[in-house]
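The values are calculated or read from the model by the stated rules, or taken from the named source; none is laboratory data. If you're wondering where the values come from, they're calculated on a predicted model, not measured in any experiment. As a convention, Cβ positions derive from the backbone with ideal geometry for all residues, glycine included, and neighbour counts pool all protein chains shown. Heavy atoms of the whole protein, side chains included, go into the accessibility calculation; ligands, DNA and RNA do not. Shrake-Rupley method; radii C 1.70, N 1.55, O 1.52, S 1.80 Å.
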Amino acid sequence: MDNIELNDTAQLRRAVLIGMCTLLGGLSLLLALINLVISPKWTLIGYVELFYALFSFSLAWQAYKHRHKFWQVNLYLYVLTAIVIYAVTLSETINSIVCWALILPTVFYLLLGKKLANIPTVILLTATTSTIINKYGLVLSPLFVNFVFSYLLVWVISHIYESNRAASEQKLQKLALQDPLTASFNRLALTRYFEQLHSSQTFKHLGAEQHLLILDIDFFKQVNDEFGHEAGDLVLQECANIISRIAGNQRTFRIGGEEFCVVIENKLKDEALSIAESIRTQVAQHQFNITQQKEINITVSIGLTQYQSGMALSNVLRQADQRLYRAKNAGRDQVIFDSEPLVSSA
Ligand SMILES: Nc1nc2c(ncn2[C@@H]2O[C@H](COP(=O)(O)OP(=O)(O)OP(=O)(O)O)[C@@H](O)[C@H]2O)c(=O)[nH]1
């Protein structure tokens, strides 16, 4: 789920960004003081360093306040790369400056992720090796060999580390947010989805109607009792497929044993009803193959509710649950919205 994440990556990147910007900001400020006040030889460089120090501290502060943007991080890293390349070009002995070039691939991977990190990594390698070749000729100088191999090693290790970290995080997210039986998202995912929906600007500004439905399979216990638990599991999986097909996988959540919830965003009342009704009829018409020889039909009851932005999820669920309860009491196989049953099974 794209818009639901446990945010480990964001937290890691934010921490790295704050640490790096603070340290580099401090170093730039120190160098600026030396070049502008203590020994004012290179004033232009001093001003560049002062600007970079301010840029670093401001980005660290924004990251601290959770207000930094991804493009700012990109800009910061490309400026840093340009400074290192410039310093390598200016430096007479290169040796000490390449230390900076060697740590940057790790920083790129940590802050940009494995796909975007490749671009500055290649730029830095190309620029630094060209400068070394320009200064020392094409001979395989110890500096050239040592730099290229250590740089490649850092690159490969950073790539492997970031790939593994991202894969582990994805697995963890799946475990935490997805129901293993039906592959639908679970209640925790619903909570996060709802929080994000409410905090998103689109939701606030559109002012469109928001709906949520709770669906419960009718007489599901009988399926288990008559045909076994495995047959019940198959029914749950097929039911989840039908709901996801109609409402979208991102908006379908299994919130209880045989209970599903669907968030219907930015739809008018009639459209929300038609989605709920479509789920009900398609489940009712579906032949559930519980064994090779046996097909059964099942029905579902649905409680549909409209809610306003800012309402707590627990209240919205309670509202939908009350309607579901009424649908069950009114004979099942129906959608209840407000107080009246909209479709009767009769
Ligand atoms: N196979 C299977 N059964 C489950 C699972 N989770 C819950 N159940 C069963 O779902 C059944 C729910 O039964 P009830 O709450 O009595 O509801 P019902 O039989 O559907 O009756 P109504 O909801 O009143 O129509 C219980 O038998 C649970 O054991 C699951 O993951 N797999």
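Here Val283 qualifies as within 16 Å of the ligand (Cβ to nearest atom), open to solvent by less than 20 Å² (accessible area, probe 1.4 Å) and aliphatic (A, V, I, L, M).
Note on the stretch 301-319: among residues that are over 28 Å from the mean Cα position of the chain (by Cα) and part of a helix (DSSP H, G or I), the one that is surrounded by the fewest Cβ atoms within 10 Å (Cβ to Cβ) is Arg318. The residues of the stretch 113-125 that are open to solvent by less than 10 Å² (accessible area, probe 1.4 Å) and among the hydrophobic types (A, V, I, L, M, F, W, C), listed by number, are Ala117, Leu124. Considering only residues in the stretch 222-238 that are open to solvent by less than 50 Å² (accessible area, probe 1.4 Å) and touching a Ser or Thr at 6+ places or on another chain (Cβ under 8 Å), the one that is farthest from the ligand (Cβ to nearest atom) turns out to be Ala231.
In this structure, is Leu59 surrounded by 14 or more Cβ atoms within 10 Å (Cβ to Cβ), out of contact with any strand residue (DSSP E or B) (no Cβ under 7 Å at 6 or more places or on another chain), of a type outside the set (D, E, K, R) and at pLDDT below 95?
On the way: surrounded by 14 or more Cβ atoms within 10 Å (Cβ to Cβ): yes; out of contact with any strand residue (DSSP E or B) (no Cβ under 7 Å at 6 or more places or on another chain): yes; of a type outside the set (D, E, K, R): yes; at pLDDT below 95: no.
For Leu59, the condition - surrounded by 14 or more Cβ atoms within 10 Å (Cβ to Cβ), out of contact with any strand residue (DSSP E or B) (no Cβ under 7 Å at 6 or more places or on another chain), of a type outside the set (D, E, K, R) and at pLDDT below 95 - is not met.
All of Ile246, Ile242 fail the test of being away from the ligand (no atom under 16 Å from the Cβ), touching a His at 6+ places or on another chain (Cβ under 9 Å), assigned to a helix (DSSP H, G or I) and within 26 Å of Phe194 (Cβ to Cβ), apart from Ile242.
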